[in-house]
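Before any comments, here is the structure.
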Amino acid sequence: MTDLPAGTCLDRLRRREPCLWINPGWRPAAEALPKLDIGLKDVIDADDRLRRFAPLLADLFPELRGAGGIIESELRPLPKFAARRAEGPLWMKADHALPVAGSIKARGGIYAVLEFAERVALREGALASTRDDYRKLAAPSVRDLFKQYELSVGSTGNLGLSIGVMGSALGFRATVHMSVEAREWKKARLRSRGVRVVEHSCDYTGACVEARRLAALDPKSYFIDDENSRELFLGYSVAALRLRNQLDDAGLTPGPDRPLLLYLPCGVGGAPGGITFGARCVFGDLAHCFFAEPVEAPCMTLGMLTGRHADISVYDIGLNLRTDADGLAVSRPSRFVGELMAPLVSGLFTVTDDELYRDLLSLYEAEGIELEPSACAGFPGPRMLASTPEGRAWIESRGLASSFPNATHILWTTGGSFVPPDQHAEYRRKARR
Ligand SMILES: *Cc1c(COP(=O)(O)O)cnc(C)c1O
């Protein structure tokens, strides 16, 4: 590529050096949101749908009974971890421990399956209306109906886990097309649930191309398209409504004196994008959202800073996805998400695998929490803002100089609780080296 705009951030991406890119297209919520064709009402609609399914999920998954069938994670302080760093109080949104799927994909992936199940059930008369009792969907006759349909998805691992587990719990056939990064234990876990796992020797983008092609040949196959799915995106966005309640309960309601900063690991963009969209709808300009990507896979940073979105890949600038953050190992971003994020996201930054491992080990030593490497990507965020020239200039330009020390910094941890113990031990061994 010879005709890319010159710029320090792009040079640093090429050199695999961590960098913070501040989004020059950011706009106030009152200006940006009315121009989009989705809005807060869609987030609320998605939340309502999850509530309709909650009694059924409480029946299907014993681990959800206590929460009445609502899949949600804790917001928790990290006092001992924060004490090891110089940035003040830190909070964790513990999506690594989301029940049923063990990763942030429990939000988008499971929502997409439920949305499809509801559509089929309403069309085929298994539900009379959206006010019906959704526990009916566990009946053998409905499972037989769902068995006629196949859910198909391309995945680096975690999306396949969430869709495979929820799809098969409802009776759907499920096929997961795994990219070369996918861990063996994730494949084994899916196969043990009766999910068909197709292994590809290409990357995530390639696995999606093949999955999309095969699903198009079969009218009863529904391809859940992580690169373009409005449903996945809206499923993720509901997190903002839940977070608002948790912040209120913790006495951390955002305000002019207490801005909210979210640090979100980014792969293809659906999860951080959906959460950012929800957060800008719910908190307006009090929420400042930053995406984090591995230096080897900064696809969303590259797509946004060049404006080329999915038309450029990290291979084009000489990178090659060599990262242990398998959940983030994506070569091309979602155009759908990138375009929506253009006025909404504050910035993006990149992290090295060494930093991921350092934070993984440090969090374990301080708090006893075990994460997968991808889930640690957001951890350098507060430091990137407070200690780089780009970050300090951003704090000034947003008028946050006086409120920043009182900000609520939330490290969004996205996966790890289903990782087998020996794999966690291996991560720590590697971190110590
Ligand atoms: C999928 C995933 C992400 C990022 O989500 P995208 O929608 O791909 O951007 C982050 N962390 C983990 C552990 C994931 O599995």
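Less than 29 Å apart at the alpha-carbon level, and either on another chain or at least 8 residues along: which lysines does that give for Lys93?
In chain and number order, the partners are Lys41, Lys80, Lys105, Lys186, Lys187, Lys430.
Carbon and sulfur together cover what percent of the accessible area of the chain at a 1.4 Å probe radius?
It is 51 percent, rounded to a whole number.
Suppose all protein chains stay in the model; what accessible area per residue would a 1.4 Å probe give for the chain, in Å²?
That works out to 37 Å² per residue.
Tell me which residues come under 5 Å, amide H to amide H, from Arg173 once H is placed; ignore anything under 5 positions away on its chain.
Tyr149, Leu151
Over the chain, how many percent of alpha carbon pairs lie in each 10 Å bin up to the one with the longest distance?
Computed distribution, short to long bins: 5, 23, 34, 26, 10, 2, 0.
How much of the DSSP bridge set in the chain is antiparallel, in percent, rounded to the nearest 5?
If we restrict to bridges inside the chain, about 20 percent are antiparallel.
Using only the alpha carbons, work out the radius of gyration and Dmax of region 290-378 in angstrom.
In order Rg, Dmax, the Cα atoms of region 290-378 give 13.8, 42 Å.
Once phi is turned into θ = phi - 60°, what whole-Hz ³J(HN,Hα) does the Karplus curve with 6.51, -1.76 and 1.60 give for every residue of region 61-68, x standing for Gly and Pro?
10, x, 5, 9, 4, x, 9, x
Under the 0.36 nm per residue contour assumption, what length would be gained going from the current alpha-carbon distance of Glu184 and Glu426 to full extension?
Between Glu184 and Glu426, full extension yields 85.7 nm more.
Treating the beta-carbon of each Lys and Arg as +1 and of each Asp and Glu as -1, no other charges, what is the dipole magnitude of the chain about its Cα centre, to the nearest 20 debye?
So the dipole magnitude of the chain works out to roughly 500 debye.
Using the basic label-point model (7 angstrom from Cα toward the beta carbon), what is the Ala216 to Arg383 distance in nanometres?
Each label point is offset 7 Å from its Cα along the Cβ direction, giving 4.6 nm.
Rounded, prolate or oblate: pick one for region 321-433, where a ≥ b ≥ c are the square roots of the eigenvalues of its C-alpha gyration tensor, a/c under 1.5 means rounded, and failing that, prolate if a/b is larger than b/c, else oblate.
Oblate.
Just how much of Glu184 is accessible, in Å², when a 1.4 Å probe is used and the result is rounded to the nearest 10?
120 Å²
Rounded to the nearest 20 debye, what is the charge dipole size of region 50-90 about its Cα centre when +1 sits on each Lys and Arg Cβ and -1 on each Asp and Glu Cβ?
160 debye
Quick check on the chain: helices-only [θ] at 222 nm, where DSSP H runs of length 4 and up contribute -39,500 (n - 2.57) each and the sum goes over total residues. Nearest 500, please.
Value at 222 nm, helices only, nearest 500: -13000 deg cm²/dmol.
Starting from the amide H of Ala292, placed 1.01 Å from N in the peptide plane, find each other amide H under 5 Å away whose residue is 5 or more places distant or on another chain.
Amide H neighbours of Ala292: Leu264, Cys266, Phe349.
Scan around Arg16 for amide H atoms under 5 Å from its own, H built in the peptide plane at 1.01 Å from N, and keep only partners 5 or more places away or cross-chain.
Those lying under 5 Å, H to H, from Arg16: there are none.
Just how large is the dipole of region 297-433 about the Cα centre, in debye to the nearest 20, putting +1 at every Lys and Arg Cβ and -1 at every Asp and Glu Cβ?
Roughly 240 debye for region 297-433.
Could you point to the residue in Leu234, Ala97, Gly318 farthest towards the positive end of the chain's charge dipole, with +1 and -1 charges on the Cβ of Lys/Arg and Asp/Glu respectively?
Ala97
Where a ≥ b ≥ c are the square roots of the eigenvalues of the C-alpha gyration tensor, would you call region 133-195 rounded, which needs a/c under 1.5, or, failing that, prolate if a/b is larger than b/c, or oblate?
Cα axes put region 133-195 in the prolate bin.
The values are calculated or read from the model by the stated rules, or taken from the named source; none is laboratory data. No experiment lies behind these values; they were computed from the predicted model shown. Heads up, the Cβs are rebuilt from the backbone with ideal geometry, glycines too, and the neighbour counts pull from every protein chain shown. These area figures cover heavy atoms from the full protein model, side chains too; ligands, DNA and RNA do not enter into them. Shrake-Rupley method; radii C 1.70, N 1.55, O 1.52, S 1.80 Å.
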